[in-house]
1. If packing is taken as the average number of other Cβ atoms within 10 Å across a peptide's residues, how do 103-113, 39-49, 86-96 rank, most packed first?
2. Could you list which residues have their amide H under 5 Å from that of residue 89, counting only those 5 or more apart in sequence or on another chain, with H placed in the peptide plane?
3. Quick one: if the Förster radius is 22 Å, what FRET efficiency do residue 31 and residue 109 give, using the C-beta to C-beta distance and rounding to 0.05?
4. Suppose every Lys and Arg Cβ carries +1 and every Asp and Glu Cβ carries -1, with no other charges. What dipole size does region 21-62 come out with about its Cα centre, to the nearest 20 debye?
5. Say the cut-off is 23 Å between C-alpha atoms; which of 115/142; 48/110; 42/143; 55/143; 115/143 go over it?
6. Can you work out ³J(HN,Hα) from phi for every residue in region 78-93, in order, using Karplus 6.51 cos²θ - 1.76 cosθ + 1.60 and θ = phi - 60°, giving whole Hz and x for Gly and Pro?
7. For region 72-111, with all protein chains present and a 1.4 Å probe, just round the carbon and sulfur fraction of the accessible area to a whole percent.
Amino acid sequence: GKISVENQKVEDINRNDFFFVPNQAKIPGTLRVEVFLNILGKIFSIEKEKIKRIKQENQEILTCSISELEPVGRACLLLDLCGLMETRIFILKDFSAGIFSHSLVKVIDKLQALKEKGALILCLSDIFMKYDRSYKYSYDRKKGKYLNINNYVI
């Protein structure tokens, strides 16, 4: 399929307007969570205070390596970082791979929190695609969030 925002191809849009979030299984497994947060904080210019807040919320896993975390833990960590970014469009690739359905509640709660902040979340997965892979969304400036024109659940 293709992704376009306001009738522009995604590759023609300012890079800061959207953020691609890979499958959580792609995070390098040997990094400690604390090091991972520090690196991404610097790469994406996230304020140190915001990174410190995530560290406090995840104290019990800071010394663990990424490979020691369950898929849901890795996914939640990535979504916590997304919540700190100024980006409003997130493209998630096969994000729920390896996460059991009973654990998806945590991920869905974090996705919902991003939506409530006005983010558009596009989940790329063949499982959830319409047969023609077309979805249309409109940004409602008054509500401060994206609305699904096709009336499907985002």
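1. The densest-packed peptide leads the list: 86-96, 103-113, 39-49.
2. 19, 120
3. Values: r = 25 Å, r/R0 = 1.14.
Approximately 0.30, to the nearest 0.05.
4. Here the size comes out at about 120 debye.
5. Where the Cα-Cα span goes over 23 Å, the pairs concerned are 42/143; 55/143.
6. 4, 5, 4, 5, 4, x, 8, 8, 7, 4, 10, 10, 10, 10, 9, 9
7. 60
The values are calculated or read from the model by the stated rules, or taken from the named source; none is laboratory data. Small disclaimer: the values here were computed from a predicted structure and weren't measured. Backbone-built Cβ (ideal geometry, glycine too); neighbour counts: all protein chains shown. Protein only, heavy atoms only, side chains kept; ligands, DNA and RNA dropped before computing areas. Shrake-Rupley method; radii C 1.70, N 1.55, O 1.52, S 1.80 Å.
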